[in-house]
Amino acid sequence: GLVLDPATGTVSGTPTSARLPLSYTVVASNLGGALTQSQFLLTVDPPPAGTAVTGVFRNDTVIGLGYVSGGHSGLTDKSGAFTYEEGQGITFSVGGVSIGRVATAKTLVTPADLVSQVIGGDSNRVLNVVRFLMMLDQDANANNGLQISAAVTAAAASWAPVDFDTTDLATAL
C-alpha cells in the first residue's frame, strides 16, 4: 500500500497491513554521476484499538451473515466482508441464531475460528456450522458461495438456539 516517489523520495499511500521493521536501501544519483545511498527501517504498526477495519468471513464466501463488533454491525456483503473494531471481538449469527464468536476479530475469519480448540480442523462444531450455513444457502449451490436471504434472516430471528456441538445436527434442528 506504500509507494516511493522516485523524483521526490516521498513515501506515501495507505498501508494495507501491519509489518515488522524491514530495512530498505535507497540509492540516489544526480546528472553529474554522483551517487549516495541511505538505509532506513520502515515499520507499519497495526491500527489503534477502536479503528474500523474490514475483514472477510470465508469457508466459501458467505453473503448475508450477521455480525456485531463493538459499535459495528450488519450483514456480510457480496464478498463476505464485514467491518470490525480493532481490538474487539466479533459475533456471527443468522437472525437470532448465534453461530459463534471470535474473541479478537481479524481480517480473515473461518468457521474454525469460532471454536477455541480445533485440532486439525476436525471439530464437530465446525462441521455443523458449515452444514448449517450450507442448508440456508439461497440457491443450494455452494460452488458459487453461500447467500443467506433476507427472508431466512427474518425467519431465523425467532428460531431457538442451535446446539452446534451435537453429533446429529438434523435431529437437533
- Restricting the stretch 45-84 to residues that are in a loop (DSSP other than H, G, I, E, B), in contact (Cβ under 8 Å) with a residue 40 or more places away in the chain and open to solvent by 70 Å² or more (accessible area, probe 1.4 Å), the one farthest from Val129 (Cα to Cα) turns out to be Pro46
- What residue, among those in the stretch 1-33 that are among the aliphatic types (A, V, I, L, M), in a loop (DSSP other than H, G, I, E, B) and open to solvent by 60 Å² or more (accessible area, probe 1.4 Å), is modelled with the lowest pLDDT? Ala7
- Item | Long-range neighbours under 8 Å by Cβ, at least six apart or interchain, first residue free of Cβ contacts under 8 Å to residues at least 24 places away in the same chain within the stretch 1-12, second open to solvent by 90 Å² or more (accessible area, probe 1.4 Å) and acidic (Asp, Glu) | none
- Query: Applying the selection to the stretch 90-106, what residues are touching a residue at least 60 places away in the same chain (Cβ under 8 Å) and not small (Gly, Ala, Ser)?
  - Reply: Val94, Val97, Ile99
- Query: Of the numbered conditions (1) over 14 Å from Arg58 (Cα atoms); (2) touching a helix residue (DSSP H, G or I) at 6+ places or on another chain (Cβ under 7 Å); (3) in contact (Cβ under 8 Å) with a residue 60 or more places away in the chain, Trp159 satisfies every one except a single condition; which is it?
  - Reply: (2)
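The values are calculated or read from the model by the stated rules, or taken from the named source; none is laboratory data. On a predicted model such as this, the values are computed, not experimentally measured, just so you know. A quick note on method: Cβ atoms are made from the backbone with ideal geometry, for glycine too, and the neighbour counts reach across all protein chains shown. Only protein heavy atoms, including side chains, enter the accessible area calculation; ligands, DNA and RNA are left aside. Shrake-Rupley method; radii C 1.70, N 1.55, O 1.52, S 1.80 Å.
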